[in-house]
1. Once both labels are modelled 7 Å past Cα along the beta-carbon direction, what's the residue 162-residue 109 spacing in nm?
2. In the chain, once you exclude exposed GluC sites (Glu not before Pro) (DSSP loop, at most 13 other Cβ within 10 angstrom), what's the longest stretch remaining?
3. Pull out the extension gain between residue 64 and residue 150, defined as 0.36 nm times the separation in residues minus the alpha carbon to alpha carbon distance; nm, one decimal.
4. By counting other Cβ atoms within 10 Å of each Cβ, how are 58, 190 ranked from fewest to most?
5. Among the listed pairs 151/183; 191/234; 95/192; 225/246; 151/218; 73/246, which are separated by more than 23 Å between their Cα atoms?
6. Quick one: which residues, 5 or more positions from residue 112 or on another chain, have an amide H under 5 Å from its amide H? H modelled 1.01 Å from N in the peptide plane, none for Pro or chain starts.
7. List the pair-distance distribution P(r) of the stretch 114-209, using every Cα-Cα distance, as the percent of pairs falling in each 5 Å bin from 0 up to the bin containing the longest distance, rounded to whole percents.
8. Taking the Cα atoms of the chain, report the difference between the largest and smallest coordinate on each principal axis, in whole Å and largest first.
Amino acid sequence: MAFIKQLNRIFYAHLSLLCLLLFFTLSATKVQAESLRFATHTTPPLSNYISDLLTQALAEKKITTEVSPLPGKRVIHLVNSGQFDGDASRIFDFKNISNDPVENYIRVDEGIYKVQVILLTHKDSPIKQASWAKANLGPVTYIRGSKNIRKHINENNRVPATNVRQALTLVAHKRADSAILFKAATLDTLKKHPELSKDLKIHPPNIDEYWLYPFLHKDKSSYIKVVAEQLKKKKNDGTSQTLLKKHGLIQ
């Protein structure tokens, strides 16, 4: 009888241990399922805005969010291979123009940020108003890899730059007639390097505008709807506008 009681104690002890292990396993799975890791090819201040917006939007649904700024091609590889859950900011038809494998990308059909593209020249330029035709009268610098800009520039006029500061320097030193750049990044760079401002001028109106959209890996497609709904909610309740001002992306 004592032997049977001992066996029962051992059995229930093992059963309790198994239940605890099952509980912690399920808890860990739940935590993992309610987290989304994004990568983005954007840089501050835009990457900071995107991170804040996604974090606040998804926190309401108990989804924790992490956004990591990384080089563009690395972002594509990490997201398409499933090492990251999503790419935080790409143009609407990104899958159609990408030269890299993106078969696992699924677009969230709610924009996260509206890009403004500007034409900038040396202060001595005769250009008065921005247009692609006027930009193409001579050498045009732009950020290497910006396909949505490059497609508008005649091939023999293209002067790709590594970053915004280099592009601005090329125009300031008259090594390029104009620059086509993202407005937010340009204003941020001019703020950090005011010595460039004295030789440059920005021409109205914006030469182009378009939305950036989040994309998720297909294995995270169940989150498509909630991400879209939460981003739309944050536009409607003024949160996105507040964050744009916080990060200096609008006045």
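Here, each number is a calculation from the coordinates, and none is a lab measurement. Note that this is a predicted model, so its numbers are computed, not measured. Positions of Cβ are backbone-derived with ideal geometry, glycine not excepted, and every protein chain shown enters the neighbour counts.
1. The modelled label-to-label distance comes out at 4.2 nm.
2. Numbers: sites that count: 34, 60, 103.
In short, 104-251.
3. Numbers: separation 86, 0.36 × 86 = 30.96 nm, distance 3.61 nm.
Here the segment from residue 64 to residue 150 would lengthen by 27.4 nm.
4. On the way: 58 21, 190 18.
Taking fewest neighbouring Cβ atoms as first place, the list is 190, 58.
5. Values: 151/183 18 Å; 191/234 28 Å; 95/192 34 Å; 225/246 27 Å; 151/218 29 Å; 73/246 29 Å.
From 151/183; 191/234; 95/192; 225/246; 151/218; 73/246, over 23 Å: 191/234; 95/192; 225/246; 151/218; 73/246.
6. The list, which skips near neighbours in sequence, is 212, 213.
7. Here the calculated profile for the stretch 114-209 is 3, 16, 29, 30, 18, 5, 0.
8. That works out to 104, 36, 31 Å along the principal axes.
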